[in-house]
Amino acid sequence: MSDPVITYSETETKARYAATVEGVEGEGELTLSKVSQTLIIADHTGVPDSMRGMGVAQALVRRLIADARQRGQRIVPLCPFVRAYAERHRDETADVIQW
């Protein structure tokens, strides 16, 4: 399996990461609400059945965290998947997660 290709799109108040994997049907996504330039809310993470078990959702969360760190943002993890990831990786995510 090849690594997922992740793209990012945004509007003034929302943002979305989309992930595709070569040869696999469907698209994973992680959606955000932008509260301010420094605070974002992770709303939802989902992958189609065709991508289950491939690490696509984790790749989306890692990209979100890396981008937030680079932009000086904090993430409120309302999405259960993002919250669980942040709890499992508290030491690595403490600088960007807003509990």
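The values are calculated or read from the model by the stated rules, or taken from the named source; none is laboratory data. The model shown is predicted, which means the values in this text are computed figures rather than measured ones. Positions of Cβ are backbone-derived with ideal geometry, glycine not excepted, and every protein chain shown enters the neighbour counts.
Restrict the check to the stretch 2-13 and report whether at least one residue is more than 17 Å from residue 97 (Cα to Cα) and modelled with pLDDT under 95. Steps first, answer last, please.
Initial filter on the stretch 2-13 (more than 17 Å from residue 97 (Cα to Cα)): 2-13.
Remaining after also requiring modelled with pLDDT under 95: 2-3.
Yes, there is a match, as at least one residue in the stretch 2-13 is more than 17 Å from residue 97 (Cα to Cα) and modelled with pLDDT under 95.
Screening 65, 41 for residues that are in contact with a Leu (Cβ under 9 Å, 6 or more places away or on another chain) and β-branched (Val, Ile, Thr) leaves exactly one candidate, 41. Would you check if residue 50 is more than 10 Å from the chain's Cα centre (by Cα), among the hydroxyl-bearing types (Ser, Thr, Tyr) and either on the phi > 0 side of the Ramachandran plot or part of a strand (DSSP E or B) (or both)? When the stated conditions are applied, residue 50 does not pass them. Flag not set for residue 40, criterion: touching a strand residue (DSSP E or B) at 6+ places or on another chain (Cβ under 7 Å), aliphatic (A, V, I, L, M) and either modelled with pLDDT under 95 or closer than 13 Å to residue 63 by Cα (or both). Selection of the stretch 1-34 for residues being among the aliphatic types (A, V, I, L, M), in contact with a strand residue (DSSP E or B) (Cβ under 6 Å, 6 or more places away or on another chain) and exposed (fewer than 15 other Cβ atoms within 10 Å of the Cβ) yields only 5. When the stretch 11-47 is examined, which residues are found to be assigned to a strand (DSSP E or B) and over 22 Å from residue 83 (Cβ atoms)? Selection gives 20 alone.
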